Amino acid sequence: SQQGEEDPQALSIQEGENATMNCSYKTSINNLQWYRQNSGRGLVHLILIRSNEREKHSGRLRVTLDTSKKSSSLLITASRAADTASYFCATDAGTALIFGKGTTLSVSS
Amino acid sequence: EAGVAQSPRYKIIEKRQSVAFWCNPISGHATLYWYQQILGQGPKLLIQFQNNGVVDDSQLPKDRFSAERLKGVDSTLKIQPAKLEDSAVYLCASSPDRGGYGYTFGSGTRLTVV
């Protein structure tokens, strides 16, 4: 079953701009994670935010979590062409991670 | 540290044939996962192992799919017989333990069933 739903499905921006992706989910969670997937490759773990946290930073990444709205956002600041990839949110509700369908980000130079 | 190793990288088979995928997780990781990712979708869990025991195989089509993790290290996933709809990328991942950790994924095996 699909737990997380990312929005938008696709996003195209210019280098240097910020990219924001959103994720909504349905049930209570222990933590929420974001992953990146370059075309034809495996997924790379970006960041984990626990249910008692509201915001977390890692380099150019900023993640927020609103458990009352069951939603999360991933902000990538000062995007680069190398950020072009698909981004997935995944929820940990005490079982294995459940992934959404992803947002495809395209950064053009 | 070495990453999660998967082989083969690509496989093309005819429907009704059998195929096997291999995964070697990060050393010391107790939990191993197999996910199926159909083009344009997110990964879907097939099976989760804790050491050499099965934690969750509720979404594994057991009439055709099987998996094992002998000695709690390497794992193999088998499909027999394959169907056209099994065409997907099969991803193996591992984590130090259940819950609260990020997963490390392998590069996946791209299966095409013709």
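The values are calculated or read from the model by the stated rules, or taken from the named source; none is laboratory data. Source: prediction; values computed, not measured. Glycine gets a Cβ as well: all are built from the backbone with ideal geometry, and neighbour counts include every protein chain shown. For accessibility, only protein heavy atoms count, side chains too; no ligands or nucleic acids. Shrake-Rupley method; radii C 1.70, N 1.55, O 1.52, S 1.80 Å.
For the stretch B:54-89, a residue qualifies if it is free of Cβ contacts under 8 Å to residues at least 12 places away in the same chain and small (Gly, Ala, Ser), and exactly one does: B:Ser58. Step by step: first the residues of the stretch A:85-102, then only those that are among the polar types (S, T, N, Q) and out of contact with any Leu (no Cβ under 6 Å at 6 or more places or on another chain), then the one that is nearest to the other protein chains (Cβ to nearest Cβ). Which residue is that? Going through the qualifying residues, I end up with A:Thr95. The selection criterion, being open to solvent by 20 Å² or more (accessible area, probe 1.4 Å), closer than 17 Å to A:Thr95 by Cβ and without any contact (Cβ under 8 Å) to a residue 12 or more places away in the chain, holds for B:Gly99. The residues of the stretch A:65-76 that are surrounded by fewer than 17 Cβ atoms within 10 Å (Cβ to Cβ) and within 14 Å of the chain's Cα centre (by Cα), listed by number, are A:Asp66, A:Leu75. Can you work out which of the residues in the stretch A:4-59 that are within 30 Å of B:Tyr10 (Cβ to Cβ) and free of Cβ contacts under 8 Å to residues at least 12 places away in the same chain is least open to solvent (accessible area, probe 1.4 Å)? Selected residue: A:Gly42.
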